[in-house]
Amino acid sequence: MSNENLIDEILRLKKERNAVILAHSYQRPEIQDLADFVGDSLALARKAQEAECDVIVFCGVHFMAETACILNPSRTVLLPDANAACSLEASCPAEELAAFLEDNKDKNYYVIAYVNCSIGVKALADVIVTSGNSQRIIETAPADRPILFVPDRNLGAWTSLQTGRVMTMWNGACHVHERFTRDQLLTTKAQHPDALVVCHPECQEPIRLLADHICSTEKMIPYCRESKCSKFIIVTETGILHRLRKLVPGKEFIPMDMGKCSCAECEYMKLNTLEKLRNCLRDMAPEVRVPEELRLRAAAPLERMLELSK
Ligand code: 13P
Ligand code: SF4
């Protein structure tokens, strides 16, 4: 079936099911183009919370669809590919975090969890952050308690530098952002000496040190739009390039030169396709469900974040 026919069928099914399609900026261009809303984790969490439809189709990865379930439990949440996981989420199993907290009870950690984690980890956290609000949220952490930041050591280190808050860091990371190397960035910069470097805080320190600007995917859009510069090297998953080119026309966006491999792509994000999107609306599966007791515990720190980042 052609993409055009698939899109027609998706739009017809979306109407029939009274569904809304939310997509992360790392999704395939054709999915971004037909979604009702495209955004970063923070914007998508807000949209999911407000959604008044019967069905939320979450074109992203599992923890994002799970977040939608936590924030809007009366809706049916579909994820086009049930295998759309996240290496960062996997780097912090809830049982390991629970055991660590048990072993360190005397420290009375204030647990801050990056939204890229499972519902079990969220349920153990005091507050959630995204890459778009981590500084703001960490500034509100109680001054008299030590902070444990999970799971991303890179976002944690960057936020710690920005805010001056010392934090104990979980040793987790995103395999896509950790693949970028200083040498690749120096090569890309030498090829485009007139470009500014914009990177995601999930990148490692040697990359962050070479960047002109560090921000979440969403904040890259106004930064590039408002900058006097017309050329940018974008150091994050390549899906955002489509969005930047669409929303900031007339400027040039360059991915990292990674040699022959396409390893700046998140294979989990790219699992969702138009065909799977059509199938999930047709079959009302795969559906993401969460146990109610766990949902209630995970909702508290998520709602705290949304309240604090208003
Ligand atoms: P943001 O879209 O929140 O910047 O996060 C990036 C990411 O890696 C999501 O998986
Ligand atoms: Fe997870 Fe990294 Fe993929 Fe984002 S890019 S979904 S953090 S594996």
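The values are calculated or read from the model by the stated rules, or taken from the named source; none is laboratory data. Quantities reported herein were computed from a predicted structural model and do not represent experimental measurements. Here the Cβ is made from the backbone with ideal geometry for all residues, glycine too, and neighbour counts use every protein chain on show.
Just one of the numbered conditions (1) in contact (Cβ under 8 Å) with a residue 60 or more places away in the chain; (2) within 16 Å of ligand 2 (Cβ to nearest atom); (3) under 23 Å from R145 (Cβ atoms); (4) touching an Asp or Glu at 6+ places or on another chain (Cβ under 9 Å) is not true of G120: (2).
Among the residues examined, F63 qualifies as assigned to a helix (DSSP H, G or I), crowded, with 19+ Cβ neighbours inside 10 Å and among the aromatic types (F, W, Y).
Taking the criterion of being surrounded by fewer than 20 Cβ atoms within 10 Å (Cβ to Cβ) and either in contact with a helix residue (DSSP H, G or I) (Cβ under 7 Å, 6 or more places away or on another chain) or not in a helix (DSSP H, G or I) (or both), the residues of the range 14-31 that qualify are R17, N18, R28, P29, E30.
This table checks each residue for (1) more than 16 Å from ligand 1 (Cβ to nearest atom); (2) in contact with a helix residue (DSSP H, G or I) (Cβ under 9 Å, 6 or more places away or on another chain).
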{"position": "F149", "(1), (2)": "no, yes"}
{"position": "L155", "(1), (2)": "no, yes"}
{"position": "M169", "(1), (2)": "yes, yes"}
{"position": "R179", "(1), (2)": "no, no"}
{"position": "V198", "(1), (2)": "no, yes"}
{"position": "E202", "(1), (2)": "no, yes"}
{"position": "R225", "(1), (2)": "yes, yes"}
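Scanning the range 182-194 for residues that are surrounded by 15 or more Cβ atoms within 10 Å (Cβ to Cβ) and part of a loop (DSSP other than H, G, I, E, B) yields one hit, H192. Restricting attention to the range 17-36, does a residue exist that is away from ligand 2 (no atom under 16 Å from the Cβ) and within 19 Å of V290 (Cα to Cα)? Taking every residue of the range 17-36 in turn, none turns out to be away from ligand 2 (no atom under 16 Å from the Cβ) and within 19 Å of V290 (Cα to Cα).
Would it be correct to say that A141 is in contact with a strand residue (DSSP E or B) (Cβ under 9 Å, 6 or more places away or on another chain), crowded, with 22+ Cβ neighbours inside 10 Å and within 15 Å of M167 (Cβ to Cβ)?
Working: in contact with a strand residue (DSSP E or B) (Cβ under 9 Å, 6 or more places away or on another chain): yes; crowded, with 22+ Cβ neighbours inside 10 Å: no; within 15 Å of M167 (Cβ to Cβ): yes.
In short, no.
Put simply, of K276, K231 the only residue that is under 22 Å from the mean Cα position of the chain (by Cα) and of a type in the set (K, R) is K276. Quick one: in the range 258-268, of everything that is more than 15 Å from ligand 1 (Cβ to nearest atom) and either part of a helix (DSSP H, G or I) or surrounded by fewer than 17 Cβ atoms within 10 Å (Cβ to Cβ) (or both), which residue is modelled with the highest pLDDT? This residue is G259. Does at least one position in the range 86-94 carry a residue that is farther than 23 Å from V121 by Cα, surrounded by fewer than 18 Cβ atoms within 10 Å (Cβ to Cβ), more than 16 Å from ligand 1 (Cβ to nearest atom) and not charged (D, E, K, R)? There is no residue in the range 86-94 that is farther than 23 Å from V121 by Cα, surrounded by fewer than 18 Cβ atoms within 10 Å (Cβ to Cβ), more than 16 Å from ligand 1 (Cβ to nearest atom) and not charged (D, E, K, R). Comparison of P222, P201 shows that the only residue that is at pLDDT 95 or above, assigned to a loop (DSSP other than H, G, I, E, B) and at negative phi is P201. The residue of the range 202-256 that is surrounded by the most Cβ atoms within 10 Å (Cβ to Cβ), among those that are within 16 Å of ligand 2 (Cβ to nearest atom) and among the polar types (S, T, N, Q), is T236. Report yes if some residue within the range 55-77 is farther than 22 Å from A123 by Cα, away from ligand 2 (no atom under 14 Å from the Cβ) and of a type in the set (D, E, K, R); otherwise report no. No, because not a single residue in the range 55-77 is farther than 22 Å from A123 by Cα, away from ligand 2 (no atom under 14 Å from the Cβ) and of a type in the set (D, E, K, R).
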